[in-house]
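Visitor: Below you'll find the structure I mean.
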Amino acid sequence: MASAVTTAFSRTAQRSKLSSFFLHPRKPQHTANYKSCSGINTNDALTSFYDMLQMKPSPQISSFNKLMGAVAKTKNYQDVIFMYHRVVEASLVPNSFTLHILLNCYCNLKRVDLGFGVMGGIFKRGYSPDIVTFSTLINGLSMEDKIGDAVVLFNKIIGMGFHPDITAWATLIKGLCRSGNAEVALRLYREAGKSNGRSDLRLKPNLKFYTVLIHGLCKEGLLDKGKQLFLEMKGRGIMPDLVTYGGLIHGLCEGGEWEEAKRFFIEMVDQGIRPDVILFNILIQALCKCGKTDEASGLLNLMIQRGEEPDSFIYSTLMNGLCMENRIEDAKDLFALMEAKGCKRDVVCYNVLINGYCKCQKLEEAMRLFKEMVRDGCKPNVITFNTFLTGLFQVGKVEDASALFANMELYEVTPNFSTYSILLDGYFNNNCFAQAIELFNTLEISGFDLNIETYNCVLDGLCKAGKLNLAIELFERLLEKGSVPTVVTYSIMIYGFFKNNCHAEAMELFHNLERSGFVLDIEDYNRFFNGLCKAGKLELASELFEKLFEKGLVPTVFTYNIMISGFCKNGKMEKACNLFSEMEREGCAPNLVTFNTLMQGFCSCNDAPKVIELLQKMAERNICPDAHTLSLVIDILSKDANYSEYLSLIPVFSTQGSLKG
């Protein structure tokens, strides 16, 4: 077993405020019952401890151990350490139990080095460490992310003849899972099950053990192995509890396996296990991410019917999901329900709804909500202002945005990097070049520690405004200051060069980027393709695109959409169609954007049959048209004399948004 474990994975802290009691002692008001310390609070334990130190003769060390143990259970480890030192100063001799309490405190404070010092004291005083001693040290090593040392120690204790109990095994497995080594933990568990014929080492897992390992596997995305272990546990007659189900369901939700998560949730409820707020939270969040807000709303209603009280986070999550689907009125109703159910609406809830209004360009409603928020005593934060600023700039209300920014000080809200980036981006996008440069210069002069994202924002604004020389000057100044440009910085400059017909400079910068050691992913190349296509450099974009597979990169639907859009805008419909066929051949499913882009291209050359053909392909793939699709179809058919013939060829879509009833 020792070899199996080996192969599985290659000064005193400051006193807390409670300890100040010992520096300024006071007369105890009562005498505690030293025989039973269960449920005693820390202050009472410290008072009793001081009282005992004054007694003549002193009580036995076991009495002090009870008080120290009681304080340790409250996780006030600093106070326990100080109590230990007072015991030693009082010439009392610590016993094995005292030292184990001290050892546990050091390990929980992530000072396992001092914990090993205590173990040395255990040996020196003639006591023998037991499996609990070593389990505590293994836990301490795991908490400090020294999982390799924890495995080595586990191996050594087996070599010393100790028989690890389920607690020792669970401690090691928990440490492995916590450090992202759940698969190693699973392999170790399988090896322990064999135990090479030694019945004294054979692991007999319990519910806690299985729960830890299932959680670890699911957290690392090893969902199939997590499910297999879950079924194995049930097969052994060990029934899962809420925590076990919660870990499995959370993992399935994170992995996008909502149907499986729902199945286990129903199974859990059928077995009489009552879901708590945390589990409902996980499920509602997962449903909103999948766009299943109706199911999420149903789950919220179920939660309320079962007597659970949703917290503000659950309401905020569902409200955000509704806003993402432009269901702002439903989000507003949910916001009102919070008040009716007595749930305090915090700044996050207000920010979600304000953001929803801003995205729908209902800025008056957003401002009304802002005033209500302040009136109700909920203080706005920097996210509130950043949301408003974004909304105002999007509708071109630059003066209102500037005034709102000036008012942040009145609400004692300090702007952050995002605030300044929003302002700079907003000024540039609204052609307020002078204001953007003035703000940037003010930030530099004031010594504000600008991050690379802020510089990227200014560089992007300068390039889009055609101020390439200023962008080059700022880029060079950035390098002189020792700031490290990101891939985004380079892509902005490359796009700026292309836009200003400096092709040689653009390609030189791109090749420098490739040689600089940056590991470029497909998202980085997407930005380059976007810049090249917008600059009309389709040949260069195509050349780079063809080399993606050589670099081990797989184009995503976004990559194909960028390239197809570039071809369509330049009237190269044959190449766009060839790329469309290639993406399907390579297993990359086109989405609504792909079809709309191609339709736009065919509309530009008045090719109605191709538009109808694309609609039919959409129906075959269950891709539902949107308002833009409808607009394109109406536009092309209204220009064609044979529109009635084409109308009969338009397919019927099975879901909402169909073009033909």
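Visitor: Working only within the range 545-575, note down all residues that are under 34 Å from the mean Cα position of the chain (by Cα), in a loop (DSSP other than H, G, I, E, B) and not charged (D, E, K, R).
Guide: Hits for the range 545-575 are 548, 552, 553, 554, 555, 556.
Visitor: Residues that are surrounded by 22 or more Cβ atoms within 10 Å (Cβ to Cβ) and modelled with pLDDT of 85 or more: does the range 32-48 have at least one?
Guide: No, every residue in the range 32-48 fails to be surrounded by 22 or more Cβ atoms within 10 Å (Cβ to Cβ) and modelled with pLDDT of 85 or more.
A quick yes/no check of all residues on (1) buried (at least 21 other Cβ atoms within 10 Å of the Cβ); (2) not in a helix (DSSP H, G or I):
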residue: 100; (1), (2): yes, no
residue: 103; (1), (2): yes, no
residue: 116; (1), (2): no, no
residue: 145; (1), (2): no, yes
residue: 151; (1), (2): yes, no
residue: 168; (1), (2): yes, no
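Visitor: Across the range 507-529, which residue is nearest to the chain's Cα centre (by Cα) among those that are under 15 Å from residue 566 (Cα atoms) and surrounded by 20 or more Cβ atoms within 10 Å (Cβ to Cβ)?
Guide: 525
The values are calculated or read from the model by the stated rules, or taken from the named source; none is laboratory data. Keep in mind that this is a model prediction, so the values were computed, not measured. No Cβ is skipped: glycine too gets one built from the backbone with ideal geometry, and neighbour counts run over all protein chains shown.
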